[in-house]
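The values are calculated or read from the model by the stated rules, or taken from the named source; none is laboratory data. As the structure is a computational prediction, the values presented were derived from the model and not from experiment. Every residue, glycine among them, receives a Cβ derived from its backbone with ideal geometry; neighbour counts consider all protein chains shown. With ligands, DNA and RNA removed, areas are computed over all heavy atoms of the protein, side chains included. Shrake-Rupley method; radii C 1.70, N 1.55, O 1.52, S 1.80 Å.
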Amino acid sequence: MTPRAYRCSDITACLSIFDSNLPTYFAPQERGDFERFLHEHVVQRAFQVIEVEGQVVACGGLWHSGNGSASFCWGMVERHRHKQGLGRALAVARLHQAAADPSIRCITLSTSQHTQGFYAGLGFQVVRVVADGHGVGIDAVEMERVL
């Protein structure tokens with residue numbers, strides 16, 4: 001369950017993971033943004049995947065903001081594999097990655113009300129909530145963790 005760097009050949013699997021989490025965790029209109037991210041920004045965002053038995057089942061990145069902070073971006077686990085420790089392994093790997101960079105003092109993320117408890121368990125605190133911020137019925141819960 002060790003994350004590895006994203007490869008271009010992982011795009012179909014990552015889009016499938018996204019689709020498996022519709023409509024509860026992502027709004028359908030976000031798919032284009034995610035696909036564009038995978039084509040244009042994935043390398044410089046330290047995007048990682050986790051494989052189980054040769055299949056990509058989780059993915060997520062760390063976006064360096066350059067102002068003393070970094071953000072978790074596009075973190076997700078194949079829906080039928082939730083609650084198996086994959087999301088935690090991916091988040092912890094990204095936390096370690098950030099902690100190894102002395103220029104990063106804070107990690108931010110934008111999640112939903114459905115996963116804010118998961119991130120709270122990793123030490124993140126809510127700083128702002130925007131109702132329907134990610135789509136109808138999906139609030140944008142802005143969180144941060146100081147390193």
*Among G54, C106, A13, whose Cα lies farthest out toward the positive end of the dipole of the chain, if unit charges sit on the beta carbon of Lys, Arg (+1) and Asp, Glu (-1)?*
C106
*asked:* With unit charges on the beta carbons (Lys and Arg positive, Asp and Glu negative) and the dipole taken about the Cα centre of the chain, which residue among G121, Q29, H39 sits farthest to the positive side?
replied: G121
*asked:* Please list T24, T12 from largest to smallest accessible area, probe radius 1.4 Å, with all protein chains kept in place.
replied: T12, T24
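Please list, by residue number, every one of the GluC sites (Glu not before Pro) in the stretch 14-117 that is coil in DSSP and has at most 13 other beta-carbon atoms within 10 Å.
Passing both the DSSP loop test and the Cβ count: E53.
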*Magnitude of the Cβ-charge dipole of the chain, K/R +1 and D/E -1, about the Cα centre, nearest 20 debye?*
360
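Can you tell me the order of 110-116, 129-135 when each peptide is scored by its average per-residue count of other Cβ atoms within 10 angstrom, highest first? Can you show the working numbers first?
Values: 110-116: 17.7, 129-135: 13.7.
Highest mean packing first, the order is 110-116, 129-135.
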*So how far, in whole Å, is the C-alpha centre of the stretch 125-147 from the one of the stretch 101-122?*
10
_Where trypsin sites (Lys or Arg not before Pro) in DSSP loops with at most 14 other Cβ within 10 Å are excluded, longest remaining stretch of the chain_ = 8-82
*Please tell me the relative contact order of the chain in percent, rounded to the nearest whole number, where contacts are Cα pairs under 8 Å and at least six residues apart.*
22
